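Just so it is clear, none of the values below were taken in a lab; they were calculated from the coordinates. Because the structure is a prediction, the values reported are computed rather than measured. When we count neighbours, we look across all protein chains shown, and the Cβ atoms used for this are built from the backbone with ideal geometry, even at glycine.
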Amino acid sequence: MIPASKKQYFVNIIFIMISVLFFSCSGLKKSASAPKGNQLSQVEEEKFKALFYDGLKQKILGNTDDAMGFFRRCLTINPSSPAVNFEIGILLENNKRPDSSVVYFSKAVEGDPGNVWFRYGYAENLQELRRFKDVIKVYQDLIKMHPTTTDFYYKLALAQLQAGEYKEAIETYNSLEKKIGRVDEDVSMSKIEILEKMKDYPKAEEEIQKLIKNDPSNPQYKDMLGNLYQLEGNTDKAFVEYQKMEEVHPHDPMVHLSLADYYKSKSQDAKAFEELELAFNEPSLDIDTKIRIILGLSTFTSDDSLFVKALILSERMVKANPAEPRAHAVYAELLQQNHYDLKQVRDQYRIAVGEDSSRYQYWSQLMDLEGQLNDNLALANESSKAMGLFPNNPQPYYFNGFANKQLKNYDNALIALKAGLFYVLNDSSLMSLFYTNIGDVSYYAKHYAASDSAYDAALKINPNDDYVLNNYSYYLSVRDTNLPLAEKMSKKSNEIAPNNASYEDTYAWILYMSGKLQDAKEWENKAIMNGGEKDPTILEHYGDIMFKTGDKDSAVEYWIKAKNRGEASDLLERKIKDKKLYEK
């Protein structure tokens, strides 16, 4: 049994098809051009109707090719049928074939000149082909047929504008205004725009004065008058109008923008900027305009305080529009460009995601900033929220895994990283990062086989990843496992990224674990020379190597240096106290 809702749906579809069929076939006999004179035989008519009905049904169901087949079979019975030609025209136009569809629309109009819809479809098709002169003719005919239909006047005026017939378009709008019987803002605005293009400023002013007379309280019209004077080059008259507006509407942002433009034309940048500030104080000034002005400020002034001015306007924008996330995002971007404290930048993105949590761009910026600030607790919390909002995006999972790794929440880190890896598609670099972090976290969690496997996967993607080569080899040496492989990988990492103290320390330690003490001493010395004198682990390692080579005094000296830099291992205190090497 069909559910009630579905029954009603099918009833509605059938009703629509029957209605369309009735409408389309109402002129069949009148428009037929069959071999047997001006009228189809009953058999032909019945066959034609059945085919046409099937064509409509397939069209409604979205089966365009089948519909076209039925309609073309209709034409074999009655080639001049306006309804069939019109339906074929629609199918071809929907299939982006306006050059072909126009032929069928033309036949439909020719066969049934009084049909408004046929003419309307024909005009739209001609418009798409940019045959504006022909469009003009169609709408002129439609206006003669239906002089009270205002939409035809708008369409005619548009076609005239596109054809470059500005005077004719003005006449069309004048006729429309007479039909409406009153001053119409849309009509007047269209005429003003055309007259300004024609540089017919006196008539443009007449139109604006009509709007002002019709609605004296509307500040937009007076602003338009001032702008027209500006366009004419009559800046003094424009300034008088703007001042009048400011007295009556001191909180209208458009007034202040117009004054800013006026002062800009007079090269009075300071006053112009003051007016911009007043405009930005108003919540009614739309956010798109504010952002556009801020981003385009470089065209407004050439002085060195560009960023300062942009920041001032951005700050006013967020105060006037505190619930607008884009305002905070733009302010944050400018703060970051101007090297402000990253915490201030981060706070603006926090507000942005609070106002609109659906924009991933804000979350991405926020998580990146938390990472730069090393605020791993905040990064873990915010990336967790982003994971819930954007479950198919791998980046929040990566940030969450990284943050939990830093917080030593290894189980949570592995859950996030393994889940996020599933969503990495066609991005080998990101996939490598996931495997690298899984390798790190698995090692810290003492899942050594899983760690090795993850590092192997990362190196399969990028065999020259020096970070992975270094970490993998170091952790193998700490476990005293597969030292030949560790030595090979560590050597390669140093070849790829020479003079890296951390990598040199790893290689030295692997050599130490392999009993190659003189080579280990040489490489550890390199690590110290390349900045390792500040690293407690490197200093302690050097002390261990010195002890093994017989220089106990130097060993203790470096152990003490390691302690002063920050204790490197649990055994360091005992080494110093007993002046003896202890190994795990």
### Query
Which order do Met317, Met387 fall in if you start with the one that has the fewest other Cβ atoms within 10 Å?
Met387, Met317
### Task
Determine the distance separating the Cα centre of region 327-377 from the Cα centre of region 391-428; give it in Å without decimals.
21
### Query
Can you give the angle from 0 to 90° between the axis of helix 42-60 and the longest principal axis of the chain, with both taken from C-alpha atoms, to the nearest 10?
30
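With viscosity set to 1.567 mPa s and temperature to 4 °C, compute the Stokes-Einstein D of region 54-118, Rh being the Kirkwood radius across alpha carbon pairs; µm²/s, no decimals.
Estimated via Stokes-Einstein, D reaches 112 µm²/s.
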### Task
Place the peptides 61-67, 81-87 in order of packing, highest mean first, counting for every residue the other Cβ atoms within 10 Å and averaging per peptide.
81-87, 61-67
#### Entry: the chain, helix-only ellipticity at 222 nm - DSSP H runs n ≥ 4, -39,500 (n - 2.57), divided by all residues, nearest 500
-24000 deg cm²/dmol
### Task
Could you run the Karplus curve 6.51 cos²θ - 1.76 cosθ + 1.60 with θ = phi - 60° over region 530-536 and give me ³J(HN,Hα) per residue in whole Hz, x for Gly and Pro?
9, x, x, 5, 9, 9, x
### Set of region 539-562 residues, backbone N closer than 16 Å to the point 7 Å along the Cα-Cβ line of Lys577
560
## Note on the structure
Lys385 and Asp347 label points (each 7 Å along its Cα→Cβ direction) are spaced in nm at 1.7
### Query
Once the Cα atoms of helix 235-248 and of the chain are each reduced to a long axis, what angle between those two axes, in degrees from 0 to 90 to the nearest 10, is obtained?
80
### Task
List, in order, the whole-Hz ³J(HN,Hα) value for each residue of region 569-580 obtained from phi through the Karplus relation with A = 6.51, B = -1.76, C = 1.60 and θ = phi - 60°; use x for Gly and Pro.
9, 5, 8, 4, 4, 5, 4, 5, 5, 8, 6, 8
### Message
Sort 142-148, 319-325, 413-419 by packing, meaning the average of other beta carbons within 10 Å per residue, with the highest value first.
### Response
413-419, 319-325, 142-148
### Query
For the chain, what is the relative contact order in percent, using Cα pairs closer than 8 Å and at least 6 residues apart in sequence?
4
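So for Lys155, Lys49, fewest C-beta neighbours within 10 Å to most, what's the order?
Details: Lys155 22, Lys49 17.
Fewest to most other Cβ atoms nearby, the residues stand as Lys49, Lys155.
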### Task
Determine the distance separating the Cα centre of region 105-178 from the Cα centre of region 236-283; give it in Å without decimals.
42
### Task
Go through Lys155/Lys178; Lys491/Lys579; Lys446/Lys488; Lys343/Lys446; Lys264/Lys343; Lys133/Lys178 and tell me which ones have a Cα-Cα distance over 27 Å in this structure.
Lys491/Lys579; Lys343/Lys446; Lys264/Lys343
### Summary
Residue by residue through region 540-553, the couplings from Karplus 6.51 cos²θ - 1.76 cosθ + 1.60 with θ = phi - 60°, in Hz, x for Gly and Pro, are 5, 4, 5, x, 4, 5, 4, 5, 5, 8, x, 9, 5, 5
### Query
Quick one: helix 185-197 against the long Cα principal axis of the chain, what's the angle to the nearest 10°, folded into 0 to 90?
80
### Query
Contour minus end-to-end for Asp151 and Val240, with contour as 0.36 nm per residue of separation and end-to-end as the Cα-Cα distance?
28.2 nm
### Task
Using packing as a proxy for protection, rank 553-559, 103-109, 163-169 so that the peptide with the highest average count of other Cβ atoms within 10 Å comes first.
103-109, 553-559, 163-169
